[in-house]
Amino acid sequence: MREPRWLPLARWIGLGFLGLFTLIPLYVMVSSSIKPLQDVQNGFSWIPTTISLRPFADIWKTIPLARYFGNSLIVASIASVLSVTVAIFAAYAVSRYRFPGRRVFTVTVLSTQMFPGILFLLPLFMIFVNVGNATGLELYGSRTGLIITYLTFSLPFSIWMLVGYFDSIPKALDEAAKVDGNGPLGALFRVVIPAAIPGIVAVTIYAFMTAWGEVLFASVMTDDSTRTLAVGLRGYATENDVYWNQVMAASLVVSVPVVIGFLLLQRYLVQGLTAGAVK
Amino acid sequence: MVARTTPHQDERRDATLAGGGPPPPGRRGLRSRLAGRIPFGLRRLSVPYLLIIPAIALELLIHVIPMLVGVGMSFLRLTQFFIRNWSAAPFVGLSNYQVAVDFDSAVGSSLLHSFTITVAFTALSVGLSWLFGTVGAVLMQGAFRGRGFLRTFFLVPYALPVYAGVITWSFMFQRDTGMVNHVLVDQLHLLGDRPFWLIGGNSFAAVVIVCVWRSWPFAFLILMAGLQNIDNDYYEASAIDGASWWRQFRSITLPMLRPVNQVLVLVLFLWTFNDFNTPYVLFGKAAPQQADLISVHIYQSSFITWNFGSGSAMSVLLLLFLLAVTVVYLVATSRRRSDA
Amino acid sequence: MRIRKIGYVAVAGALLAAAAACGGGDTGGTASGGGTTDSGAAKTLTYWASNQGTSLDNDKQVLQPELDKFEKQTGIKVNLEVVPWADLLNRILAATTSGKGPDVLNIGNTWSASLQATGAFLPFDDKLLTDLGGKDRFLGPSLAATGAAGKPPTAVPIYGMTYGLFYNKKMFKEAGIDKPPATWDELVADGKKLTHGKQWGLAVEGASVSENSHHAFIFGQQHGSDLFDASGKPQFDSPQQVAAIKQYLDLMAVDKIVNPSNAEYSNGTEAVNDFVNGKAAMLMWQSIASQLKAANLGDDYYGLAPIPLPAPGSGGKQVNGMVAGINLAVFNFTKNRDGALKFVKFMTSAEEQQILNKTYGSLPTVQDAYNDPAFQTPTIKAFQDILAKTAAPLPQVPEESQFETLVGTAMNQLWADAASGKPITDESVKAKLTQANQQVQPGS
């Protein structure tokens, strides 16, 4: 594309604005996390007058942060992997087969995106309890229940993105694989999945983030031993005081691994979206 | 849109093909034996159904059945008196709906108020997120120093846990000790009086800002991917015709992004409209009237007081609205791919 | 055509499944059992404690030794979970709905009547109360906040509390005031003297729904307002209640002794912080013992006086405190009823009452616990006096939780108006309260 002379200036202004908008809360988070509570409560200052690393030690004592973090990691990882697995099969069917009900299926699945969580929270809870009573499989209060819930939250958009991605992979490739003697699953595993890795990674990240941040269902469906970060972090707001510096420190600590992982994989994310969702 | 794959992917595919080779003979034997038993047509037909069964089962269990139960609840007077034994809850027909849509009553009028606020909030948030995303993605085109870093950096708000990001904003919006007033009042002297951000009229602006901060990176990501998909040939051809940057943007970039935007805007719309996490974390249990978003409003008017029949009726109305908007939107922007 | 048929089949199937789920829901609700303990039911209990200490962890440290003691005495192991306040009501909802939850749990005493209506909790009839030492052993006001009048209590009180007026002794001295205000006129006059620079006369938690509703009740009592009439119908917008709430708001809007910033204080800690950190001279609050302790502040820093009463003959009630506190309830579905009752007995024993209330800075709810010198301090004695003589419980009706939510939220908005300089008039207050009143949905 030919760049007009004003573009660098526009770029400087536009990206500068977006950069500041993104940066400021992150800066506040970092700077508040190294201030003593007294300083945080007494009014904002850009540069901390006293630097204290105590919040980073205290965060582990005020709430069982490590456990919440572990729960969140387990729930979000398993939910995202399962979600993508289920989505791959479904997307493959939708992309490669013309079958009666195909359209009903895609439309129904996508339309679940518009269900207000508040509408099905209580019924879902009841179903979990009843399934638990009937089968002995404890869904309520367990990570399993949360995993199943979250994996369906990301399923619709994942299926839809993967359909787009699979569509972009020429059918001739899996036909060729079938000629080689592969069945439908063989073609999926030997041809389509390897070719769709960027899309699959993108969808996995999306599914992970969906499970990582959910608040409403987690607050009803977990107990102390299975509580996730999204609701557990509220523990820094105690009856006594809101430990702002610890909230920030803990947010930072739990975000760093996720952000790093996210950033390492974001190359795939862009690539995956490029060929998938956006077609 | 032009189907274009990156060379990288092509290499990958070739490698897979080359390495694939014929399958082990044993498995083929099993398959042909199976094929012998199941009629060919049925087998062929059943494959896609088998593939979508897990997805259907999960969607039924987690979304569809609970939603239908929720619809059922909306016809009951399900209060704390009956929550232990739903079968005893009196069937009240449409009366929960009548209360909710009686805009002369306090319940109905506050629901309508909340709905109006939410529509405005959604329109502004989605609009700004889309605008920021587009500006960011378009300006990121072309090579310049720090491009890779910025692209990564812009995605951080999306990667942050919701609670962490939003609670930081609520801290920044505090009147006496927040960063926003520190800048506006103490440093820039733009305002004489310290404004409130978490209560009163400004709270609407506050929740929009936070929502945009969280969701524009997603728009940015999708649009950036969309832009990469536009064949450079188009720009080159129009450059030969002497088209200006602005003209290229309007006649190539925007039209080529149309399918991307269609889905992006819809998805942002649905997410933003139903967003519970942002207002709940930002304001706590009781949102200010001027930022009384519908998800928290329903939560407050039904969940906290255990009046689930009424809350379900309100949610069903919300669902019907979203359904209508989505259908109209999709028809108006006519999506072709699923028919292809 | 085929597609459509499949669609119908799918919808029909979903409906059938939904019907089955509904049926399941019903049986789940009426199922007789389902406690948390399967094997060795008599040997274990699950107990949900509310967050009373400085953190969830702190609560565990406080409670665990006592639970160990209980296990030694009875052989029953108690599994403790401290549930944050933000989650407690939702968790109780989940347990009530499903019949799966703890055997014993803490509830906020203002929830008593609402939770009683569910029928999910073991009523403490006279026989059970006799086992605990009899009705008369408990503080009358605390026992009055355990459910609807005329019904057996749905829970028993374990931590007692009420409201008092904390004042900063040093600031009072600096302003030349030698004793805490005894009337509202004095409080306003003192407040004006104490308000200067960055210091304010009084701190309030203006965006806290529960604090607002508690004060709406206390001020309402002083104006002779009844929130619910004899038949249980809400009357939040009675002229008396309007006057009451206006009087409270005027402390900021007219008298200017409350920092407008207080209007956004929402998490129940900020007003206390202002008092503890010397930003405000007075505070109408429950116990702030742990915050004072955390800041190393002793009796020389602060004093506690009763909140002023209305002038006698003004038509109001001589009430200046709400019966606050925590009750202990037993779920009906417990499989270890005897163990649960043993635990209730243990928690209401004089010894445990002394140990726990001492730690949490709250008041024992049984008479025989007060002989401990720890409860003879000026602060505790002042609180005890208020609770015994001039405190009243919130209305014990199932719609109480709606009162707290609706009126508390309406007051959030009124505080916001007051803070932004909008005039607070009888009409504006009444309009908000009428709206709140109309939103009450009768439970039964």
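The numbers here are math on the coordinates, done by the rules we state, and not lab data. Please read all numbers here as calculations on a predicted model, not as lab measurements. Glycine also receives a Cβ, built like all others from the backbone with ideal geometry; neighbour counts cover every protein chain displayed.
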Straight-line reach from C:Lys342: which aspartates and glutamates have a Cα under 17 Å away, not including same-chain ones fewer than 8 places off?
C:Glu66, C:Asp68, C:Glu71, C:Asp103, C:Asp125, C:Asp126, C:Asp131, C:Glu351, C:Glu352
Using θ = phi - 60° and the Karplus curve 6.51 cos²θ - 1.76 cosθ + 1.60, what whole-Hz ³J(HN,Hα) does each residue of region C:174-184 get, with Gly and Pro shown as x?
4, 7, x, 9, 9, 8, x, x, 10, 10, 5
For a quick check, take a GNM of chain C with Cα springs below 10 Å and name the residue from C:Ser314, C:Ser428, C:Ser287 with the largest mean-square fluctuation.
C:Ser314
Pairs C:Lys279/C:Lys381; C:Lys100/C:Lys345; A:Lys35/C:Lys432; C:Lys198/C:Lys246; C:Lys335/C:Lys389; C:Lys193/C:Lys293: which exceed 30 Å Cα-Cα?
A:Lys35/C:Lys432; C:Lys335/C:Lys389
For C:134-142, mean number of other protein chain Cβ atoms within 10 Å:
0
I'd like the orientation of helix C:378-389 relative to chain C: the angle between its Cα long axis and the longest Cα principal axis, in ° from 0 to 90, rounded to 10.
70 degrees
What distance in nm separates the simple spin-label points at C:Ser314 and C:Gln235, each placed 7 Å from Cα in the Cβ direction?
2.0 nm
Scoring chain A by relative contact order with C-alpha pairs under 8 Å, at least six apart, yields a percentage of 30 percent
The aspartates and glutamates whose Cα lies under 18 Å from the Cα of C:Lys169, excluding any fewer than 8 residues away in the same chain, are C:Asp178, C:Glu186, C:Asp190, C:Asp274, C:Asp299, C:Asp300
Partner aspartates and glutamates for C:Lys233 [C-alpha distance under 14 Å; skip if fewer than 8 residues away on the same chain]:
C:Glu399, C:Glu400
Between region C:358-374 and region A:96-173, the alpha-carbon center distance in angstrom:
54 Å
Most fluctuating residue of C:Lys69, C:Lys169, C:Lys293 in a GNM of chain C with Cα springs under 10 Å: which is it?
C:Lys293
What residues of region B:135-161 lie in the reach of a label at A:Glu3, counting those whose backbone N is under 12 Å from a point 7 Å from the Cα along Cα→Cβ?
B:139-147
FRET efficiency (A:Glu175, A:Thr49; Cβ distance; R0 60 Å; to 0.05) is 0.30
If r is the Cβ-Cβ distance from A:Ile260 to C:Lys422 and R0 is 41 Å, what FRET efficiency results, to the nearest 0.05?
0.25
For C:Tyr302, list long-range residues whose amide hydrogen, built 1.01 Å from N in the peptide plane, is under 5 Å from its own amide hydrogen.
C:Lys169
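Taking beta carbons within 10 Å but only from partner chains, what does the mean come to for residues A:209-216?
For this peptide, the per-residue mean of nearby foreign Cβ atoms is 5.
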If I take R0 = 25 Å and measure r between the Cβ atoms of B:Phe149 and A:Trp12 in this structure, what FRET efficiency does the formula 1/(1 + (r/R0)^6) give, to the nearest 0.05?
0.95
Fully extended, how many nm does the chain gain between C:Lys358 and C:Ala289 (0.36 nm per residue separation, minus their Cα-Cα distance)?
23.9 nm
In deg cm²/dmol and to the nearest 500, what is the mean residue ellipticity at 222 nm of chain A if only DSSP H runs of at least 4 residues count, each as -39500 (n - 2.57), divided by the residue total?
-23500 deg cm²/dmol
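If you take the square roots of the eigenvalues of the alpha-carbon gyration tensor of region C:392-444 and sort them as a ≥ b ≥ c, do you get rounded (a/c under 1.5), prolate (a/b over b/c) or oblate?
prolate
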Averaged across C:310-320, how many Cβ atoms of other chains sit within 10 Å of each residue's Cβ atom?
0
Work out, step by step, the length gained on full extension between A:Leu20 and A:Asn42: first 0.36 nm times the residue separation, then minus their alpha carbon distance; give nm to one decimal.
5.5 nm
Give, as ranges by residue number, the residues of region C:274-307 whose backbone N falls under 18 Å from the point 7 Å along Cα→Cβ of C:Lys179.
C:303-307
